[in-house]
1. Which distance in nm do the two modelled labels at residue 46 and residue 242 give, with both placed 7 Å along the Cα-to-Cβ direction?
2. Work out from phi, with θ = phi - 60° and the Karplus expression 6.51 cos²θ - 1.76 cosθ + 1.60, the ³J(HN,Hα) of each residue of the range 253-268, listed in order in whole Hz, and give x for Gly and Pro.
3. Would you mind calculating the gained length between residue 153 and residue 183 on full extension (0.36 nm times residue separation, minus the Cα-Cα distance), in nm to one decimal?
4. Please list the non-local residues whose amide H lies under 5 Å from the amide H of residue 108, H modeled 1.01 Å from N, same-chain partners needing a gap of 5 or more.
5. Add +1 for every Lys or Arg and -1 for every Asp or Glu among the other residues with Cβ under 13 Å from the Cβ of residue 175, and state the total.
6. Within the range 50-276, what percent of beta bridges assigned by DSSP are antiparallel, to the nearest 5?
7. Apply the Karplus parameterisation 6.51 cos²θ - 1.76 cosθ + 1.60, with θ equal to phi minus 60°, to every residue of the range 104-114 and state each ³J(HN,Hα) to the nearest whole Hz, in sequence, with x for glycine and proline.
8. For the range 50-276, just say rounded, prolate or oblate: build the C-alpha gyration tensor, square-root its eigenvalues into a ≥ b ≥ c, call rounded for a/c under 1.5, and beyond that prolate if a/b exceeds b/c, oblate if not.
Amino acid sequence: MRAAQLIDGVPMTGMRTALRALAVTAAALLAAPALSPAAQARPEPRAPEGFVTLRSVDPTIIQEMRYTTAHTFMGERVDGYRQPVCILTRPAARALHLAQKRLLRQGYSLKVYDCYRPQRAVDHFVRWAKDLDDQTMKGEFYPLVVKDRLFEDGYIAEKSGHSRGSTVDLTLVRLPALPTRPYRPGERLTPCFAPKDERFPDNSVDMGTGYDCFDTLSHTDDPRITGAQRSNRQFLKRTLTEVGFVNLPEEWWHFTYKPEPFPDTYFDFPVDRRPVGRR
């Protein structure tokens, strides 16, 4: 037999076979559609059935979604808040609608500050709380609290009832509602428990402290809160209790609808109309 021709010690016939295989592989790779970064990324979680935008249930309730702004106890927009929209479970939204109808007849409106809160937002709170050097908003939101006690004192936790979708932070506004000015980053801070005409302006009735005030004066029944401030807190609490909400005693603004449709699930879809779809 004729000896096989060699190239660098490899028989020509084997070389031709290898080259043909490489050509086929290259052609297949070129023919395959390229995946965009978005296609390769994990799909964004969506709200399950049972969640709605509050505006689709009651468009009259005032919405001032604080965590889409820099006017927070962290001094920045919170992770997961893409649009200033209140999202809740349908039973919680319907209960707020019922409370709103009663309040409108008395010349008041509800105003929500926060509704459903994704787990990624809670994780943002936790990271901030562990950064003891970041004291940007201390002068307004936690003037008397040492930051390294935020977990121990219960102001920050790794899980929030808001992430289950039936908890809402809200207040009362006397109608007609006056406009409120936006927060200007870097402006002078006033303690959240200062007299109403001194602290950051809010068109709500006087509840004795501002929203998200890390202080024992925020306890709903704190005995130091008297007069009209106490009456306003009790009016809000009574109105919401009558439609199925339970107040968190440490925060006059915090209410959870009972029974919760998702009592053990902490969701992480973003605050955005799209994850809720057209429901």
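1. Result for the modelled spin labels: 3.9 nm.
2. With coefficients 6.51, -1.76 and 1.60, one gets 8, 9, 9, 10, 6, 10, x, 6, x, 10, x, 10, 10, 10, 8, 9 Hz.
3. 8.1 nm
4. Under 5 Å from the amide H of residue 108: 175.
5. Numbers: positive: 105, 111, 174; negative: none.
So the surrounding residues net to +3.
6. On the way: 16 of 19 bridges.
For the range 50-276, the DSSP antiparallel bridge percentage is about 85.
7. For the range 104-114, the Karplus curve yields 4, 5, 9, x, 10, 9, 6, 9, 9, 9, 7 Hz.
8. Working: a/c = 1.45, a/b = 1.10, b/c = 1.31.
Rounded, since a/c falls under 1.5.
Read-outs throughout are calculated quantities, based only on the coordinates presented, and are distinct from any laboratory measurement. These numbers come from a predicted model, not from an experiment. Positions of Cβ are backbone-derived with ideal geometry, glycine not excepted, and every protein chain shown enters the neighbour counts.
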